[in-house]
Amino acid sequence: MDLGVLGQAVGMFAVTNVDDIVILAVFFGQAAGNSTAKVVIGQYLGFAAILAISVAGALGAGLLPPVVLPYLGLLPLLLGVRAAWQAWRGPDDDEQSASGGPTALAVAAVTFANGGDNVGVYVPVFANAGTAALIVFVVVFLVLVGVWCALGKFFATRPVVARALARWGHVLLPVVLIGIGVLILVEGGL
């Protein structure tokens, strides 16, 4: 196994899902005293949908001429600029959930809705990866969803950490998305 691809998969998952830790911490906090399995199931369902769309998009991008593939880096770059603009404008309160424990479908819907930046990053990377690397990405991502759930549950019991992520996650996300977009453009020879 190529350790470079493994490291890239871990890094890409971490930076594109840093905001999910905060959301998961909120969901696990709401599920306190109840079964937290619904949160884990919902997270896997939502992320599986993101992965399916990303792989399908990458396979569709495989129909493009190779000279066009580096330009797919513009998508995460633009998403990063958009996220930076939103962070500059101020926080968005659309991640509020109803009181009571969340259902698996509610968690899946929030995960999927919050995954637009993930799809925008994953499609160009997957399109430029070979079949073996794509399999590594998918397996690593699915394993890390479980790790993210564990971290979300851990942070739900530590409000100070959750507040810090909520405060600085909006700054980290645009920087990383712009970096990934530039990396795809540069690796593609642009």
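The values are calculated or read from the model by the stated rules, or taken from the named source; none is laboratory data. Everything numeric in this text was worked out from a predicted model, so none of it was measured. Methodologically, a virtual Cβ is constructed for each residue, glycine included, from the backbone with ideal geometry; neighbour enumeration extends over all protein chains shown. Heavy atoms of the whole protein, side chains included, go into the accessibility calculation; ligands, DNA and RNA do not. Shrake-Rupley method; radii C 1.70, N 1.55, O 1.52, S 1.80 Å.
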Do the conditions hold for A150, that is, is it surrounded by fewer than 18 Cβ atoms within 10 Å (Cβ to Cβ) and modelled with pLDDT of 80 or more?
yes
Is it the case that the range 37-47 has a residue that's among the polar types (S, T, N, Q), buried (at least 20 other Cβ atoms within 10 Å of the Cβ), in contact (Cβ under 8 Å) with a residue 60 or more places away in the chain and not in a helix (DSSP H, G or I)?
no
All conditions in (1) aliphatic (A, V, I, L, M); (2) at pLDDT 75 or above; (3) surrounded by fewer than 21 Cβ atoms within 10 Å (Cβ to Cβ) are true of A156 except (3)
When every residue in the range 7-33 that is open to solvent by 30 Å² or more (accessible area, probe 1.4 Å) and of a type in the set (S, T, N, Q) is compared, the one modelled with the highest pLDDT is Q8
When both residues are 6+ apart or on different chains and their Cβ atoms are under 9 Å apart, which pairs have a first residue that lies in the range 134-154 and is closer than 20 Å to A52 by Cα, and a second that is open to solvent by 30 Å² or more (accessible area, probe 1.4 Å) and among the acidic types (D, E)?
V136/D2
Residues satisfying the stated conditions in the range 98-128, i.e. of a type outside the set (V, I, T), open to solvent by 30 Å² or more (accessible area, probe 1.4 Å) and under 29 Å from V186 (Cβ atoms):
N114, G116, N128
